[in-house]
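The values are calculated or read from the model by the stated rules, or taken from the named source; none is laboratory data. Just so we're clear, the structure is a prediction, and the values are computed from it rather than from any experiment. Glycine gets a Cβ as well: all are built from the backbone with ideal geometry, and neighbour counts include every protein chain shown.
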Amino acid sequence: MATKRLIALDVLRGITISLMIMVNTPGSWSYVYAPLRHSKWHGCTPTDLVFPFFLFIVGVSMWFSFKKYGEGLTKKGLLKALKRFSVIFLLGLFLNAFPKFDFEHLRVFGVLQRIAIAYGIAAILCMQFNYKQLLIIVAIILVGYWGLLYFGGSNDVYSLTSNIARKVDLFLLGENHIYKGFGLPFDPEGLLSSIPSVATVILGYFTGRIIETSTEITSAIKKMLIFGAILTFIGWFWGYLFPINKPLWTSSYVIYTGGLALLFLAFLLWIIDVKQLKKWTKPFIHFGTNPLFIFLFSILYVKIIIYLVKTTNSHGEIMNGYSYLYNTVFVPIAGNMNGSLLFAVSHIIVFWLLTYVLYKNKIFIKI
């Protein structure tokens, strides 16, 4: 199939970034609808699909972008991968540090760091090895990670407290540099759980191969539907032995979410490229052409209005800008629960306006 810019891929990327903003920016974490929350531990909600879908998209894009570096692992390709890894990882560290810059308690890992690690390792593997070799590598990663968690943990090996991924992070980093949002030191974007996320990117890379090597778009869609359904079923079934779990990024979670990503991208290709229904896609294309920039901007914005903006409400109480905006604007309009949702949706619209201006001025910030 002729290689042209895939609108469906930009749309999927845009949808994913929009959802990232939505789930990261509720008016209040006390009032969030269940589908917009992550699973507490085992399981998979719609929100748990957002991050693996983004890494999957990274892999699809890699297939089309790596051809310009030639066959095999070239110096140019390696330097490109290492440079992008370094930039994204350092930006993630900056986000974690901002605005307090308390390096004694700085969290080392995070979302951008996970993207950097998964991209960097997957990029080198995909440039160095052929399709059949990559299949074997993915199998080794997924089965090997299963073995690491099963034999490396203690008591309940897949539990929050005794999994080996947590033990490795504690040993290497110490609890001062690990995420504590689960009530104890455990990082859902930690070092060991980054290994299977590499497989998520490579599944996307395989999908790019399917799209380009198919004779026509309908043929690609059929293959994607078949492989997507198979992977989703395998991941779901494997989940009975190796629980589907986002914080641990379990191998069953990789297969299950990779299958769903295949199915969803196939659906978008059918809607956009076969049925030619494109008018609705524009806002998502705007998001999808500056994805990491707008994600970075959204996190910086939230941190600024939480930590640097202080104001006084009508009762004389000092509030940060985030709480003030939610309680004085959105709660009176829609109440707590719907006000929290409206807060998130409003921010998506505001950030979209920024991406629209960038798109119209042909400004594409590569990160």
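Some notes on this structure:
- A266 being surrounded by 22 or more Cβ atoms within 10 Å (Cβ to Cβ) and not basic (K, R): yes
- Considering the stretch 78-117, and only residues there that are assigned to a helix (DSSP H, G or I), in contact with an Asp or Glu (Cβ under 7 Å, 6 or more places away or on another chain) and not basic (K, R), the residue that is farthest from V23 (Cα to Cα) turns out to be Q113.
- Residue in the stretch 307-325 that is touching a helix residue (DSSP H, G or I) at 6+ places or on another chain (Cβ under 6 Å), touching a residue at least 60 places away in the same chain (Cβ under 8 Å) and surrounded by 19 or more Cβ atoms within 10 Å (Cβ to Cβ) present: no
- So V198, is it modelled with pLDDT of 95 or more and surrounded by 19 or more Cβ atoms within 10 Å (Cβ to Cβ): yes
For every residue, the table says whether it meets (1) over 23 Å from H105 (Cα atoms); (2) of a type in the set (A, V, I, L, M); (3) in contact with a Lys or Arg (Cβ under 8 Å, 6 or more places away or on another chain).
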{"residue": "G183", "(1), (2), (3)": "no, no, no"}
{"residue": "I202", "(1), (2), (3)": "yes, yes, no"}
{"residue": "G208", "(1), (2), (3)": "yes, no, no"}
{"residue": "K222", "(1), (2), (3)": "yes, no, no"}
{"residue": "L248", "(1), (2), (3)": "no, yes, no"}
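- Matching residues, the stretch 213-258, being small (G, A, S) and over 23 Å from R37 (Cα atoms): S214, S219, A220, G228, A229
- Looking across the stretch 48-77, the residues that are assigned to a helix (DSSP H, G or I), among the hydroxyl-bearing types (S, T, Y) and modelled with pLDDT under 90 come down to S65, Y69.
- Residue in the stretch 215-235 that is at pLDDT 95 or above, closer than 16 Å to T45 by Cα and within 20 Å of the chain's Cα centre (by Cα) present: yes
- Residues satisfying the stated conditions in the stretch 208-218, i.e. in contact (Cβ under 8 Å) with a residue 60 or more places away in the chain, assigned to a helix (DSSP H, G or I) and under 11 Å from L269 (Cβ atoms): I211, I217
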